[in-house]
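Everything on this sheet refers to the single structure shown next.
The values are calculated or read from the model by the stated rules, or taken from the named source; none is laboratory data. Bear in mind that the values here come from a model prediction, so they are computed numbers and not experimental data. Reconstructed Cβ throughout: ideal geometry from the backbone, glycine too, with neighbour counts over all protein chains shown. Note: areas computed on protein heavy atoms with side chains; ligands, DNA, RNA excluded. Shrake-Rupley method; radii C 1.70, N 1.55, O 1.52, S 1.80 Å.
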Amino acid sequence: MPRSTSTAKASPRPKAATAKVPANTPAEVLADSPPQPKPFPAVIALEQSTEAEFVVPPAPSEPPPAVSAAPEDAEGAAQARIDQQTQERVAEESVRQEAAQAESVRLETERQESARQAAARQELAGQEAVRQEAARAESVRLETERQESARQAGARQELVRQEVARQEAARAESVRQEAQRQESARQAVAQQELAGQEAARQEAARQEAARQEAARQEAARQEAARQEAARQEAARQEAARQEAVRQEAVRQEAVRQEAARQEAARQEAARQEAARQEAARQEAARQEAARQEAARAESVRQESERQESERQAAARQESARQESAQAEAKREQDARRDAARRAMGRQLDEEAARREAAQAARERSPSSSGFRRGRLFGRSDANAELVLYAEAWGRKIHFSMGFDMVREAAKQPHSDPIVTVAIRSDGSVESVTIVRSSGVAAIDDAIRRIVHNQTPYLPFQPALARDFDVVEIRRTWHFDTAIRLY
């Protein structure tokens, strides 16, 4: 491999090892002394090259022949040889390191070049893919434009053909009419005149009748459109009013429930506080009784110690009897407390059972409650407010999304069920009673879910609320594309 052409700087020349010669040494001794060793050649420091180089180190200089000398000269020569060997090793190590560094630089350069070429190939592949995608999109666009042009050309040809056919029909019709007219003229000029006048009169009458009919139809259409717009506006206003009433009812119900919850929480806190104070009072009384009893026992013990030794046994027996009596009293007190707690628990259980029984009775027989009840089992009633409320309730069921809950079950063979729904004055549902089952349990269950899912319903209007607390509405349910109540 050729060497790098970079400029080189020579490293500083090492100093030659010289033996010290005394100044008063005779000339004969100087002539007989061995020659001084040659200095080591200068080491060339090259700049780092990117190419691998093979450097052959120079052959070491031949050592001078050994010549007997004085001990000082021999020591200097040995030191010079050691320095020369050290410099040679340093030079070899420097050359080896430079060769290894050049090899690592070359490998790194090759790796970077390979990475660059791979990146360039990937970039070319990406550009080629983008170009192919653009060419495909362009071909699709051109094909779409060609098809659109062909469609438009076909449409234009069809229009031209229809226009030619229409003109041909008009021309044939005009020729036919002209032939008839000429034939009529040849037959009788007078009759033609009279016929022309009659035809003109009839044509005028026909046109007048057609104009009047068109005017009547236009007026009827405008009137129907006006009525439809008025109906839609009324329906929108009614829906808005019902929604406002429902929201107000929901808000009032939420306020009422929150007040009831706070009142129940307050009563529960008061009850717990009273129970806690009662327990604390009883615990304080028990501790006071125990303290007094302990004080009394302590006085008895001190008194018994002051008595005679023969009375000590009797005093111990008396103390044991008193302790047993105290334990018995404590057991009786605990038993009375447990009995009171059990009685309170039984009372609470009985009250809960009575409430559950009353609730079950109300659910089983909605009409058995003490509320004022209104019943609408048909479409008409003397109470107009009751009829209006039932119609509004039926529209809410009809326009709800509840049909999705019964769509699949309604595909089974079934009969139209008859259902009675009891609604309270606040819009909540008291009960749903299946008077006549559909024969499919899934349909009956879906009806109950639909009724409960649409709560709350509109609260009673003041006029209706003055008469009834609960309204029972009975309807026949029919399922086709929606829920229809009859």
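What's the Kirkwood radius of region 153-252 in Å, using all Cα pairs?
On the way: mean 1/r = 0.0492 Å⁻¹.
Hydrodynamic radius (Kirkwood, Cα pairs) of region 153-252 is 20.3 Å.
For region 125-147 and region 283-347, what is the separation of their Cα centres, given in Å?
107 Å
Could you please report the charge total around residue 440, scoring K, R as +1 and D, E as -1 over all other residues with beta-carbon less than 15 angstrom from its beta-carbon?
Details: positive: 407, 411, 436, 448, 449; negative: 408, 416, 444, 445.
Summing Lys and Arg as +1 and Asp and Glu as -1 gives +1.
Taking all protein chains as present, what is the carbon and sulfur share of the accessible area of region 299-338, in % to the nearest whole number, probe 1.4 Å? Could you put the intermediate results ahead of the total?
Details: 1500 of 3220 Å².
The nonpolar share, carbon plus sulfur, comes to 47 percent.
If you average 1/r over all unlike Cα pairs in region 398-486 and invert the result, what Kirkwood radius do you get in angstrom? It would help to have the intermediate numbers written out before the result.
On the way: mean 1/r = 0.0732 Å⁻¹.
After inverting the pairwise mean of 1/r, the radius is 13.7 Å.
Taking θ as phi - 60°, what are the ³J(HN,Hα) couplings along region 142-154 by the Karplus curve (6.51, -1.76, 1.60), each to the nearest whole Hz, with x for Gly and Pro?
Couplings: 5, 5, 5, 5, 5, 5, 5, 4, 4, 5, 5, 4, x Hz.
Under the rule of at least 5 residues apart or a separate chain, name every residue whose amide H is placed under 5 Å from the amide H of residue 375.
Amide H neighbours of residue 375: 472.
If each residue of separation counts as 0.36 nm, what is the full-extension length gain between residue 139 and residue 222 once their alpha-carbon separation is subtracted?
On the way: separation 83, 0.36 × 83 = 29.88 nm, distance 5.28 nm.
Length difference between fully extended and current span is 24.6 nm.
Which whole-Hz couplings ³J(HN,Hα) result when phi for each residue of region 76-91 is put into the Karplus expression 6.51 cos²θ - 1.76 cosθ + 1.60, θ = phi - 60°, listed in order with x for Gly and Pro?
x, 5, 4, 5, 5, 5, 4, 5, 5, 5, 5, 5, 5, 5, 4, 5
Give me the net charge for the shell around residue 460: Cβ to Cβ below 10 angstrom, other residues only, Lys and Arg +1, Asp and Glu -1.
Values: positive: 424, 466; negative: 385, 426, 467, 469.
Within the 10 Å Cβ shell, the charges total -2.
Run the Debye formula on the Cα coordinates of region 180-223, all scatterers equal and no solvent, and tell me log10 I(q)/I(0) at q = 0.23 1/Å.
Log10 of I(q)/I(0), two decimals: -0.75.
What list of ³J(HN,Hα) values in whole Hz, one per residue of region 191-201 in order, does the Karplus curve 6.51 cos²θ - 1.76 cosθ + 1.60 (θ = phi - 60°) give from phi, with Gly and Pro shown as x?
In residue order, the calculated couplings are 4, 4, 5, 5, 5, x, 5, 5, 5, 5, 5 Hz.
For every other residue with a beta carbon closer than 15 angstrom to the beta carbon of residue 228, add +1 if it is Lys or Arg and -1 if Asp or Glu, then tell me the sum. All intermediate terms of the calculation are to be shown ahead of the outcome.
On the way: positive: 221, 226, 231, 236; negative: 223, 233.
Counting the neighbours of residue 228, the net charge comes to +2.
Given N residues in region 77-163, what is its alpha carbon radius of gyration divided by 2.2 N^0.38 Å?
Working: Rg = 37.5 Å, N = 87, 2.2 N^0.38 = 12.0 Å.
Relative to the rule-of-thumb radius for its length, region 77-163 sits at 3.12.
Can you give me the accessible area per residue for region 184-301, using a 1.4 Å probe, in Å²? Spell out each step's value before the answer.
Numbers: 9390 Å² over 118 residues.
For region 184-301, the solvent-accessible area averages 80 Å² per residue.
Can you give the accessible area of residue 263, probe radius 1.4 Å, in Å² rounded to 10?
70 Å²
When the C-alpha atoms of region 96-136 are aligned to their principal axes, what extent does each axis show, in angstrom, from largest down?
Per principal axis, max minus min of the Cα coordinates gives 60, 5, 5 Å.
Quick one: with all protein chains in place, what share of the accessible area of region 215-283 is carbon or sulfur, to the nearest percent (1.4 Å probe)?
Values: 3000 of 5540 Å².
Carbon and sulfur together cover 54 percent of it.
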